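The structure appears below as structure tokens.
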Amino acid sequence: MKKGLLIAAFLISAATAAHAQIGIRAGLGSSNFSNGDIQRAFTSLIRPHLGLYYRMEAIEKLTVEPGLFYSGKGMSTINDNNKEFEESLSYLDIPVLARYAVNEDFNVFLGPQVGFLLARTYTEESVKITDTAPVGGYEIGGVFGVGYQLTDELHLQASYDFGVKPFEYFQADVNNTVLKLSVGYTLPSKAAKEKTE
């Protein structure tokens with residue numbers, strides 16, 4: 001959690017740089033567990049995500065974009081007692097994306113991501129359990145996707161988050177997977193503001 005707060009402070013302070021572009025992004029994702037053959041037994045959950053990103057120009061058409069996001073994940077399925085349950089997980093995700101502008105409107109991106117478990121809610125009928133012990137405390141994964149610029153500041157994107165290092169969920173090794181649709185707003189940089197003045 002301390003690491004996440006430090007990155008948030010970096011994103012905010014970096015926004016004062018001449019070419020800094022800080023923004024906010026939010027949306028919904030279809031989350032599930034990936035676990036080989038038995039994934040067919042899982043049902044996806046619709047969970048929100050919200051956070052900040054900081055866009056830095058590396059070379060022409062290529063930007064680097066670290067971020068700090070609250071991400072809802074999880075799944076639902078039928079347990080051994082033939083009862084449906086829902087596993088709702090909340091993460092602090094820290095992606096570092098490389099974004100390439102194919103043209104003025106379209107871009108593609110990918111990069112690594114680390115996530116830290118913040119909270120868990122297991123729901124089965126009227127029973128709710130918030131103990132995080134049965135779920136791994138962090139995960140290592142990746143992100144890839146496509147983006148579309150509506151305006152210089154406003155954009156849409158579709159992305160896929162996936163785990164690459166399984167964590168133990170009770171006696172099973174699983175990864176989180178999330179298909180996300182997002183809308184983002186990038187604040188104009190100081191350099192852009194000076195051009196308009």
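Bear in mind these aren't lab numbers, they're just calculated from the coordinates by the rules spelled out. These numbers were taken from a predicted model, which means no experiment stands behind them. FYI the Cβ positions are ideal-geometry reconstructions off the backbone, even for glycines, and counts take in every protein chain you see.
Of note:
- Additional length obtainable on full extension of the chain from TYR160 to PHE85, 0.36 nm per residue less Cα span: 24.6 nm
- Taking other C-beta atoms within 10 Å as the exposure proxy, MET56, MET75 rank MET56, MET75 from fewest upward.
- Gain on full stretching of the segment that runs from ASP131 to ILE46 - 0.36 nm per residue minus C-alpha separation: 28.4 nm
- Footprinting exposure proxy for ILE129, ILE22 (fewest neighbouring C-beta atoms within 10 Å first): ILE129, ILE22
- Neighbour-count order for SER30, SER126, fewest beta carbons within 10 angstrom listed first: SER126, SER30
- Evaluating 6.51 cos²θ - 1.76 cosθ + 1.60 at θ = phi - 60° for every residue in the range 123-139, the Karplus couplings come out as 10, 9, 6, 8, 8, 10, 10, 10, 5, 8, 4, x, 10, x, x, 8, 9 Hz, glycine and proline recorded as x.
- Estimated at 0.36 nm per residue, the fully extended path between GLU57 and ASP173 surpasses their Cα-Cα distance by 38.0 nm.
- ³J(HN,Hα) computed for each position of the range 114-122 - Karplus, 6.51 cos²θ - 1.76 cosθ + 1.60, integer Hz, glycine/proline x: 10, x, 10, 5, 9, 7, 9, 9, 9
- Here ILE78 and LEU110 are evaluated by their C-beta separation; at R0 = 25 Å the FRET efficiency comes out at 0.10.
- Reachable aspartates and glutamates from LYS180, criterion Cα separation under 12 angstrom, eight or more residues apart if same chain: ASP161
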